[in-house]
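All remarks here apply to the structure that follows.
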Amino acid sequence: MSIWEYANPKKFIATTTPLVPWVMGISISCLVVGLVWGFFFTPDDFRQGSTVKIIYLHVPAALMAINAWFMMLIASLIWLVRRHHVSALAARAAAPIGMVMTVIALITGAIWGQPMWGTWWAWDPRLTSFLILFLFYLGYMALWEAIEDSDTAADLTSVLCLVGSVFAVLSRYAVQFWNQGLHQGTSVPVATGERSVSDVFFVPLLVCMVGFGLLFLALVLMRTATEVRARRIKALEARMR
Amino acid sequence: MIALLKRDLVLAVRAGGGFGLGLSFFLIVIVLVPFGVGPEAEILTRIAPGIVWVAALLAALLSLDRIFALDFEDGSLPLLATSPLPMEGVTLIKGIAHWITTGLPLTLVAPVLGFLLHLEPSAFGWLLASLALGTPALSMIGTFGAALTVGVRRGGLLMSLLVLPLYVPTLIFGAEAVARGAAGLDGLTPLLMVAVITLASFALLPFAASAALKINLR
Amino acid sequence: MFPDLGDYATEVLAAYGASIGLLVVIVLLSMRRSRKMRAQLDAVEARKDAASGK
């Protein structure tokens with residue numbers, strides 16, 4: 001018994017299909033509890049007023065946006081090393097979800113920034129890095145779409161994911177350097193991460209993070225199974241022709 | 001390897017596109033900027049470092065799809081793949097050839113265009129140095145992008161989408177070095193970072209590019 | 001019951017609306033594609049079985 005058994009597409013589908021509704025159900029209940037708790041039953045921050053409630057969407061989405069790319073990186077590595085098709089397809093399945101998470105993080109950040117910083121957008125290191133991350137997602141998905149042969153596409157996107165990860169980290173530090181370089185002395189009010197949040201806000205935030213994580217898991221499982229089926233259709237049709 | 005380099009250079013010169021097209025594009029972008037933002041010297045002085053770098057980046061991007069596309073079409077790429085030369089060597093040479101035909105001339109004319117944009121006199125040295133150190137990285141990263149998309153029909157647009165985000169760190173550090181030079185500060189730190197990116201991409205990206213090429217030739 | 005959102009009601013509601021909307025869209029899209037692929041695969045498998053049965 002090893003984890004690699006699930007690399008068999010049939011076994012993967014058979015195991016995960018019954019799991020998906022459960023994971024989805026738990027994640028949605030977590031999200032409902034967390035968001036309702038956060039929205040209705042937490043006090044306003046004394047400085048940010050009610051906009052502090054946006055944190056329950058913004059932070060989990062940002063967290064998952066980065067973790068989705070990380071998961072794609074690992075899946076790509078597994079594909080390159082062990083050639084399990086499910087792994088490559090899981091990376092493909094995760095990309096659109098990661099992109100949506102990035103968009104949510106950017107949008108909620110902009111909406112929060114408008115009343116708090118007085119601007120929708122600042123070329124703050126974190127914001128800029130997320131914009132770059134969004135571009136990476138776009139490029140990755142475009143490459144998947146562009147190549148017809150599925151194994152070639154899986155290989156090339158994996159290589160892109162590896163190189164892209166290195167450059168994404170590099171960009172993160174470059175952007176930090178760049179902004180400090182231009183705006184010496186001014187401190188851009190970066191969103192207070194969960195470190196500095198008091199328990200009243202933190203517990204519902206934690207519930208939301210769990211909800212987002214499970215939602216990501218459920219969607220990836222579902223979409224991976226979809227991709228496996230799509231590939232099987234292609235193979236069967238090719239054989240029948 | 002030297003023979004391949006010579007062949008690529010000769011082809012680029014004969015085709016005429018190599019030197020001329022990228023350079024003219026560079027010039028046109030620089031000339032267009034004052035039309036867009038107005039002719040005031042102070043504004044131009046302020047944005048000159050960034051504009052020159054962005055223009056250089058776009059000019060380098062323009063000729064990337066020629067790196068492998070022609071060889072792929074006429075079938076000399078599989079021939080190169082079966083030659084005793086390792087694929088990593090081929091991609092390295094391709095990157096160097098691209099730099100000699102675009103990056104090097106860009107670097108050499110950049111100071112002239114700096115005059116057009118009223119670049120601070122103190123920044124010219126930094127501009128020359130940062131472009132000389134940074135454009136090789138642009139060529140090598142571009143070679144990787146070209147290797148990824150060589151099998152895609154009309155892959156030029158896709159390649160831009162893939163390559164431009166990878167150019168971000170080089171652009172930031174390169175432009176920052178010039179901007180610091182223009183402000184009379186010491187631009188050595190970003191300059192060294194540019195050099196680091198260039199060296200690292202020459203050390204690692206030929207492997208990634210050759211892996212992508214092998215996959216595409218399979 | 002409904003909390004007093006103060007001056008920032010529009011912003012908070014817009015953020016919640018946009019995010020939940022986007023989440024719902026990605027979930028629905030995934031589910032629709034999943035269902036479509038499943039139906040297609042069933043159809044193709046049935047055709048294959050029919051072809052091999054002859």
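The values are calculated or read from the model by the stated rules, or taken from the named source; none is laboratory data. Note that this is a predicted model, so its numbers are computed, not measured. Cβ sites come from the backbone with ideal geometry, for glycine too, and all protein chains shown count toward neighbours. Heavy atoms of the whole protein, side chains included, go into the accessibility calculation; ligands, DNA and RNA do not. Shrake-Rupley method; radii C 1.70, N 1.55, O 1.52, S 1.80 Å.
Once Lys and Arg get +1 and Asp and Glu get -1 on their Cβ, which of B:L77, B:V150, B:A41 lies farthest toward the positive end of the dipole of chain B?
The one lying farthest along the dipole's positive direction is B:L77.
Given a 1.4 Å probe, how much area per residue of the protein assembly as shown is accessible, in Å²? Write down the numbers at each step before the final one.
Numbers: 23750 Å² over 513 residues.
On a per-residue basis, the protein assembly as shown sits at 46 Å².
If you rank B:I28, B:I2, B:I100, A:I54 by how much accessible surface each has, with a 1.4 Å probe, what is the order from largest down?
Working: B:I28 95, B:I2 115, B:I100 50, A:I54 5 Å².
I get B:I2, B:I28, B:I100, A:I54, largest accessible area first.
Mind checking how much accessible area C and A bury in total, 1.4 Å probe, in Å² rounded to 100? The partial results should precede the final answer.
Numbers: alone 5220 and 13600 Å², together 15540 Å².
Roughly 3300 Å².
For the cross-link pairs B:K214/C:K48; A:K11/A:K234; B:K6/B:K214; A:K234/B:K214; A:K11/C:K36, which exceed 31 Å when the distance is taken from alpha carbon to alpha carbon? Provide the component values of the computation, followed by the final result.
On the way: B:K214/C:K48 35 Å; A:K11/A:K234 19 Å; B:K6/B:K214 23 Å; A:K234/B:K214 24 Å; A:K11/C:K36 21 Å.
From B:K214/C:K48; A:K11/A:K234; B:K6/B:K214; A:K234/B:K214; A:K11/C:K36, over 31 Å: B:K214/C:K48.
What's the ranking of B:3-10, C:19-26, B:202-209 by average number of surrounding C-beta atoms within 10 Å, highest first? Could the numbers behind the result be given before it?
On the way: B:3-10: 14.5, C:19-26: 16.1, B:202-209: 20.4.
Per-residue mean Cβ counts within 10 Å order the peptides as B:202-209, C:19-26, B:3-10.
Excluding A:A238 itself, what net charge comes from residues whose Cβ is under 14 Å from its Cβ, given Lys and Arg +1 and Asp and Glu -1? Present the calculation step by step, with values, prior to reporting the outcome.
Working: positive: A:R231, A:R232, A:K234, A:R239, A:R241, C:R47, C:K48; negative: A:E148, A:D149, A:D151, A:E237.
With Lys, Arg at +1 and Asp, Glu at -1, the neighbours total +3.
Note down the net charge around A:A7, summing +1 for each Lys or Arg and -1 for each Asp or Glu among other residues with Cβ under 11 Å from its Cβ.
Details: positive: A:K10, A:K11, A:R82, A:R83; negative: A:E5.
Around A:A7, the surrounding residues sum to +3.
I'd like the carbon and sulfur percentage of the solvent accessible area for region A:19-240, probe radius 1.4 Å, heavy atoms only, ligands and nucleic acids excluded. Show your work: numbers first, answer last.
On the way: 6460 of 9340 Å².
Whole-percent figure for carbon plus sulfur exposure: 69.
Per residue of C:42-49, how many C-beta atoms from partner chains lie within 10 Å of its own C-beta, taken as a mean?
Working: counts 2, 1, 8, 3, 0, 3, 4, 0.
Partner-chain Cβ atoms within 10 Å, mean over residues of C:42-49: 3.
How shielded is B:71-79 by partner chains, expressed as the average number of their Cβ atoms within 10 Å of its Cβ atoms? Let's see the in-between values first.
Working: counts 0, 0, 0, 0, 0, 0, 0, 0, 0.
That works out to 0 on average.
At a 1.4 Å probe radius, which order do A:T119, B:T189, B:T143, B:T82 fall into by accessible area, largest first? Intermediate results must be reported in sequence, preceding the final value.
On the way: A:T119 45, B:T189 75, B:T143 0, B:T82 115 Å².
Ranking A:T119, B:T189, B:T143, B:T82 by accessible area, largest first, yields B:T82, B:T189, A:T119, B:T143.
Leaving ligands, DNA and RNA out of it, report the carbon-plus-sulfur percent of the accessible area of region B:60-218 at a 1.4 Å probe.
Working: 4420 of 6050 Å².
Taking all protein chains in place, region B:60-218 shows 73 percent carbon and sulfur surface.
From the Cα gyration tensor of region A:132-182, with a ≥ b ≥ c the square roots of its eigenvalues, which class applies: rounded if a/c is under 1.5, or else prolate if a/b is larger than b/c, or else oblate? Before the final figure, lay out the partial values.
Numbers: a/c = 6.14, a/b = 2.81, b/c = 2.19.
Taking the square roots of the gyration eigenvalues as a ≥ b ≥ c, region A:132-182 is prolate.
Students often check this: by mean Cβ neighbours within 10 Å, which of B:149-159, A:230-240, A:96-106 ranks highest, and how do the rest follow? Don't skip to the end; give the middle numbers.
Numbers: B:149-159: 18.7, A:230-240: 13.7, A:96-106: 23.7.
Going from most to least packed, we get A:96-106, B:149-159, A:230-240.
Checking the a/c ratio against 1.5 first, then a/b against b/c, what shape does the Cα gyration tensor give for region A:19-240?
Working: a/c = 2.85, a/b = 1.49, b/c = 1.92.
Here region A:19-240 falls in the oblate category.
Give me the net charge for the shell around B:M87: Cβ to Cβ below 12 angstrom, other residues only, Lys and Arg +1, Asp and Glu -1. Write down the numbers at each step before the final one.
Details: positive: B:K94, B:K214; negative: B:E88.
For residues surrounding B:M87, the net value is +1.
For the protein assembly as shown, just say rounded, prolate or oblate: build the C-alpha gyration tensor, square-root its eigenvalues into a ≥ b ≥ c, call rounded for a/c under 1.5, and beyond that prolate if a/b exceeds b/c, oblate if not. Don't skip to the answer; put the middle values down first.
Numbers: a/c = 2.50, a/b = 1.16, b/c = 2.16.
Note, shape of the protein assembly as shown comes out oblate.
Got a sec? Which residues of region B:159-176 lose 20 Å² or more of accessible surface with every protein chain in place, vs. that chain alone, 1.4 Å probe?
By number: B:L161, B:L162, B:P165, B:L166, B:V168, B:P169, B:I172, B:F173, B:E176.
What's the average, rounded to a whole number, of partner chain beta-carbon atoms within 10 Å of each residue's beta-carbon in B:141-150? Write down the numbers at each step before the final one.
On the way: counts 2, 0, 0, 3, 3, 0, 2, 9, 6, 1.
Shielding by partners across B:141-150 averages 3.
Please give the contour-minus-distance gain from B:D74 to B:L108: 0.36 nm per residue of separation, less the Cα-Cα distance, rounded to one decimal in nm. Mind showing how you got there, number by number?
Values: separation 34, 0.36 × 34 = 12.24 nm, distance 3.26 nm.
Gain in length upon complete extension: 9.0 nm.
Counting each DSSP H run of 4 or more residues in the protein assembly as shown as -39500 (n - 2.57), what helix-only mean residue ellipticity at 222 nm follows after dividing by all residues, to the nearest 500 deg cm²/dmol?
Details: 17 runs with 415 residues, N = 513.
Per the formula, -28500 deg cm²/dmol.
Mind giving me the FRET efficiency for B:T45 and B:L199? R0 is 22 Å, r the Cβ-Cβ distance, nearest 0.05 is fine. If you can, show how the numbers build up before the last one.
Working: r = 32 Å, r/R0 = 1.44.
E between B:T45 and B:L199, to the nearest 0.05, is 0.10.
DSSP loop chymotrypsin sites (Phe, Trp or Tyr not before Pro) in region B:97-157 with at most 13 other Cβ atoms within 10 Å of their Cβ, which ones? Mind showing how you got there, number by number?
Values: sites: B:W99, B:F115, B:F124, B:W126, B:F144; in loops: none.
Sites meeting the loop and neighbour criteria: none at all.
If you consider only alpha-carbon coordinates, what radius of gyration and Dmax does chain B have, in Å?
17.6, 57
Rounded to the nearest 100 Å², what is the sum over both chains of accessible area buried where A meets B, with a probe of 1.4 Å? Don't skip to the answer; put the middle values down first.
Numbers: alone 13600 and 10490 Å², together 21810 Å².
Heavy-atom accessible area buried at this interface is about 2300 Å².
Given points 7 Å out from each Cα along the Cα-Cβ axis, report the B:M1 to B:R154 separation in nanometres with one decimal.
3.9 nm
Would you rank A:W69, A:W117, A:W22 by solvent-accessible area, highest first, keeping every protein chain in place and using a 1.4 Å probe? Show your work: numbers first, answer last.
Values: A:W69 20, A:W117 65, A:W22 180 Å².
Sorted by accessible area, descending: A:W22, A:W117, A:W69.
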